[in-house]
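The values are calculated or read from the model by the stated rules, or taken from the named source; none is laboratory data. Please read all numbers here as calculations on a predicted model, not as lab measurements. As a convention, Cβ positions derive from the backbone with ideal geometry for all residues, glycine included, and neighbour counts pool all protein chains shown. Quick note on the areas: whole protein, heavy atoms, side chains included, nothing else; ligands and nucleic acids left out. Shrake-Rupley method; radii C 1.70, N 1.55, O 1.52, S 1.80 Å.
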Amino acid sequence: MTHLDLSTTRVRAATSDDAEALAGLAALTFPLACPPGASADAIAAHVATQLSPDRFRAWAASAAHALLVVEEPGPPARPLGYALLVVGVPDDADVADAVGRDEVVELSKIYVHPDAQGTGVAGALLGAALDAATVLAPGRTLWLGTNGLNARAQAFYRKHGFVLVGERTYVVGGERHSDVVMVHSA
């Protein structure tokens, strides 16, 4: 994609009708964010179990989640990215040490189609996710985890007000990887 008119894109709450398209987008984008050395089998297992259409349907219907999609209008409308926010108490000790043991909001997923990277779509999606977090759980800490080797993602998050507060281990298809934990400071 050489040019994307941001005035024609929109971010909206995803519905169960978006599940198939978002699972397809997840299967494309998740491997791109994985650390070098993550095996193709582990990535495929993670995508199959954690990013299935059924998972997206459940997230779209859950009051403890906010699932957003950014799309280029159609017809047919084409999803360019998605974000998932989750409200809850951290169940990982390292995350709890970094962000607290009370209810928080996790920016669990935010991915943009490779063709839309560098176009402003990711920034628009993250802005909408920040707004959604304040509606989902007003006044709660917003945090995320991203691979410790993904310098590009970390720079993007810092640009949008996130600061590094700790580390955690993240499992992809049975393989353990090192993530950094970041908190939104604004």
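If the condition is being surrounded by fewer than 13 Cβ atoms within 10 Å (Cβ to Cβ) and in contact (Cβ under 8 Å) with a residue 40 or more places away in the chain, then segment 72-103 contributes only Pro73. Every listed requirement among (1) open to solvent by 70 Å² or more (accessible area, probe 1.4 Å); (2) without any contact (Cβ under 8 Å) to a residue 12 or more places away in the chain; (3) among the small types (Gly, Ala, Ser) is met by Ala155 save one, (1). Return the residue satisfying two criteria in turn: it lies in segment 158-168 and is assigned to a strand (DSSP E or B) and open to solvent by less than 50 Å² (accessible area, probe 1.4 Å), and of such residues it is nearest to Val70 (Cα to Cα). Across segment 158-168, the extreme among qualifying residues is Phe162. Take Thr141 and decide whether it is over 15 Å from the mean Cα position of the chain (by Cα) and hydroxyl-bearing (Ser, Thr, Tyr). Yes.
Quick grid of which residues meet (1) hydroxyl-bearing (Ser, Thr, Tyr); (2) surrounded by fewer than 18 Cβ atoms within 10 Å (Cβ to Cβ); (3) modelled with pLDDT of 95 or more:
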residue	(1), (2), (3)
Thr119	yes, no, no
Leu126	no, no, yes
Thr134	yes, yes, yes
Trp143	no, no, yes
Asn147	no, no, no
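Any residue at all in segment 173-185 that's assigned to a strand (DSSP E or B), modelled with pLDDT under 95 and open to solvent by 70 Å² or more (accessible area, probe 1.4 Å)? Checked segment 173-185: at least one residue is assigned to a strand (DSSP E or B), modelled with pLDDT under 95 and open to solvent by 70 Å² or more (accessible area, probe 1.4 Å).
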